[in-house]
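For reference, the structure discussed in these notes is given below.
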Amino acid sequence: MQHIALGNAAIQPTKPVVTGSFTTITFTYTAGHPIDDTGYVKIVFRSMGDFGTPQFEDSAAPNYCSIQTTGDCRIEPRWDPKGNTRPWGRSLFLKVVGGFLNKGEKIVIVFGDTSGGSPGWQMQTFCEDTFEFKTLVDPIATYEFKELPESPTLRIVPGKPARAVCIAPSQVMVNESFTYHLKLEDKWGNPTNRPARLAHPGFSKEGVYTLMAEDEKTGLSAQSNPIDVLTKATPLHPYWADFHGQTEETVGSNAIEDYFTFARDYGLLDISGHQGNDFQVTDEFWAKINEVTKTFYEPGIFVTFPGYEWSGNTPLGGDRNIYFTSEGGEISRSCTDLLPGKYSVYQNSPTATELFENLKKQQGPMAFAFAHVGGRYADITMHDPEIELAVEVHSAWGTFEWLVEDALRQGYRIGIVANSDGHKCRPGASYPGASKFGSLGGLTCVLANKLDRQNIVKALQARHFYATTGNRCLVDVKLVTSDGRSAILGDVIPAGTGTPRLQVRVVGSAPIESVEVRNGLETVEVLRPYSDKDLGSRVKVVWSGAKVRGRDRKVAWDGGLCVQGNAILDLTPINFWNANEPPEKVESHRVTWKSITTGGVVGVILTLENPSAGSLQIETLQRRVECAIDSIGLEPKVWECGGLKKKIEVSRLPERQRSCEFSFTLPLTQLHKGDNPIYIRMTQDDGHMAWTSPIYLV
């Protein structure tokens, strides 16, 4: 067999680099075998890296890179975001032209060359021990790339603490001591240390409480999520889950052991699952997934589920998250495209229908599934109620209420979950960074008797869970019939005679803006914990929606707003997760922003000098709108912008900060024959939302 000396690559400096910082890295390739005219060196990076795109035109702009060679040739660079086989898609092609690169000659690239005024190359926003400059060579100019035996790597570390996060149990008993945690994060959401364990002696009276915790060294403080303190134990306890994310063995970052360690120790989750794209999960990695989930499973402490993401194209069924109740299940892939030799000992399932059939035939542990919207969105017309328990309404990819509506339109009885599908190895705290992910990753609150696999699966089968956009709110929904029977979220209950009543209690992680009660595709009523007389000088402006259902869903909303005949005293961002691009108050009457949505909501809250004077003008890439400020009230003004529920909304908020609790009882009078899927969507002032699994009133 012919052996070609491919040369070697090195970087300087090799010291760790801070997440999201601007840096300068000198990459040097030294040729082994000569590289012919029109041959290449190619440097590839992980597809999920959200570092700045290298550019070679403007020496004063961010991410400028310069190239030199010691060979008698010139080097033509070309950047291609999908120039290599996943997960190494982000590719820099360096074409040798006008000569050749002889053995021992070099190509030198300065990533982030600051000599012309550039601030440098912006590093990715998440931590990674081995950020790799994977190097391949086409020495014979055949476009047949060969990978170097070893490529240089860089360690990416968190920045300085920028905020504190306090996480406490959602439910405890009166006089029960408990542990809560304070963690510090950099501006991109990376933990800067291991969360501090704090002891609390317990509360002497029932009620809802929060805790304040402060880090003495930095002075950063945070308020905890709400804690429900009970005098009498309830049969179901809230447990927090992020069922869905990937690691470097497929298309994410860091190792699967790092993933579950983060979920348990940094995300502070009770439940977690791993979901690698099936066509990248080798038989060996499938065995590793089972081994790792077994190792991390600790009843009463941390529940794990082995699984994978079935990743068929949408016409074949679209993304499905597959889990097994214990280790030993057989993976059944959509295809084997990226497996070595495209071979597996396991049977494929080319469609979702075949997948469900094959999962039910297995003799091992039981399988269950969630419908998911990722790169390929689920076609919910392919469904099996024995296997598919829920649809995912929210993830780091965005918010997808249309998937819930698709399922309800089909007459399915499904639950509603939210997870992260994070690719940055931060389950439970999956910030989107500076890339194509448009939202903070979601969470699912599972209401179960105990924290073990058997009871969590029982709760999932009963649809006893609700979804959030990443916050840990408390939601209690109960339906009571006229003859005294009752049901909670997920249950099926006959309506009987008389008028059933819906009892709702929500405690937000921030003040509650509204609770929308829905019956399937219909809105029954929108309730708010305040009225017109409470409104004041705070105006909420939000924009939301997606372009399409698939990968091209991202919508750009760059623009701004101005008030005429008034002034803006204060500005509060809503869901501006990119730390590089917060909204900016440039004058007393004007705000500018760069913003995207992928189905979710982004916006600002304005505090005005005068609650009623002047007008508000909003101009974005999607639409320009204007209204008189005194016309803004309790009910949002809505301007549709086409696409998939793209819209701009403006409403008025109460003058003062309010309680985060809201309870009401609503008679359900407008029922129809068959299933009435009764569920709620809760919205907070800060943009966070929660959805309950429907109660099916028949």
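The values are calculated or read from the model by the stated rules, or taken from the named source; none is laboratory data. As the structure is a prediction and not an experimental result, all values here were calculated from the model. Note: ideal-geometry Cβ built from the backbone for every residue, glycine included; neighbour counts use all protein chains shown. All accessible areas refer to the heavy atoms of the entire protein, side chains included, with ligands and DNA or RNA removed. Shrake-Rupley method; radii C 1.70, N 1.55, O 1.52, S 1.80 Å.
Brief remarks follow.
- Only Cα pairs under 8 Å and 6+ residues apart enter the sum, and on that basis the relative contact order of the stretch 539-619 stands at 46 percent.
- HN-Hα J in Hz across the stretch 77-87 - Karplus 6.51, -1.76, 1.60, θ = phi - 60°, x for Gly and Pro: x, 8, 9, 9, x, 10, x, 7, 5, 4, x
- Where the stretch 475-596 is the region considered: accessible area per residue in Å², 1.4 Å probe: 42
- Of the GluC sites (Glu not before Pro) found in the stretch 139-188, the ones in coil according to DSSP and having at most 16 other Cβ atoms within 10 Å of their Cβ are GLU144, GLU150, GLU176.
- For the stretch 194-234, trypsin sites (Lys or Arg not before Pro) meeting the loop criterion (DSSP other than H, G, I, E, B) and having at most 10 other Cβ atoms within 10 Å: LYS205, LYS217, LYS232.
- Residue-normalised accessible area of the stretch 338-470, given per residue in Å² at a 1.4 Å probe: 32
- Per atom type, the chain shows carbon and sulfur on 48% of its accessible surface, probed at 1.4 Å.
- Euclidean distance between Cα centres, the stretch 499-563 to the stretch 393-414, Å: 17
- Shape class for the stretch 558-698, computed from the alpha carbon gyration tensor (a ≥ b ≥ c): prolate, with a/c not under 1.5 and a/b above b/c.
- Working from Cα pairs under 8 Å separated by at least six residues, relative contact order for the stretch 258-415 is 19 percent.
- Listed peptides 418-431, 153-166, 255-268 by packing density, highest first (mean Cβ within 10 Å): 418-431, 255-268, 153-166
- Probe 1.4 Å, accessible area per residue of the stretch 251-330, Å²: 28
- The alpha-carbon of LYS134 sits under 16 angstrom from the alpha-carbons of these lysines, leaving out residues fewer than 8 places away in its chain: LYS42, LYS82, LYS146.
- Centre separation in Å (Cα based) which lies between the stretch 210-263 and the stretch 72-148: 39
- Computed from Cα positions, the angle between helix 283-296 and the longest principal axis of the chain comes to roughly 50 degrees.
- Against the chain, whose longest principal axis is taken from its Cα atoms, helix 256-265 shows a tilt of about 40°.
- From phi via Karplus (6.51, -1.76, 1.60), per-residue ³J(HN,Hα) for the stretch 632-647 in Hz, x at Gly/Pro: 7, x, 5, 7, x, 7, 10, 10, 6, 10, x, x, 9, 6, 6, 6
- Contact order, relative form, for the stretch 311-364: 38 percent (alpha carbon pairs under 8 Å, 6 or more residues apart, mean separation divided by residue count).
- The Cα atoms of the stretch 211-272 give a gyration tensor whose axes a ≥ b ≥ c have a/c of 1.5 or more with a/b no greater than b/c, which makes the shape oblate.
- Taking the average, over residues, of other Cβ atoms within 10 Å as the packing measure, peptides 318-327, 359-368, 674-683 rank 318-327, 674-683, 359-368 from highest down.
- When the helices of the chain are scored as -39500 (n - 2.57) per DSSP H run of n ≥ 4 and the total is divided over every residue, the value at 222 nm lands at -2000 deg cm²/dmol.
- Principal-axis tilt of helix 352-361 within the chain, Cα atoms, nearest 10 degrees: 80
- Relative packing of 530-538, 17-25, which averages over residues the other C-beta atoms within 10 Å, highest first: 17-25, 530-538
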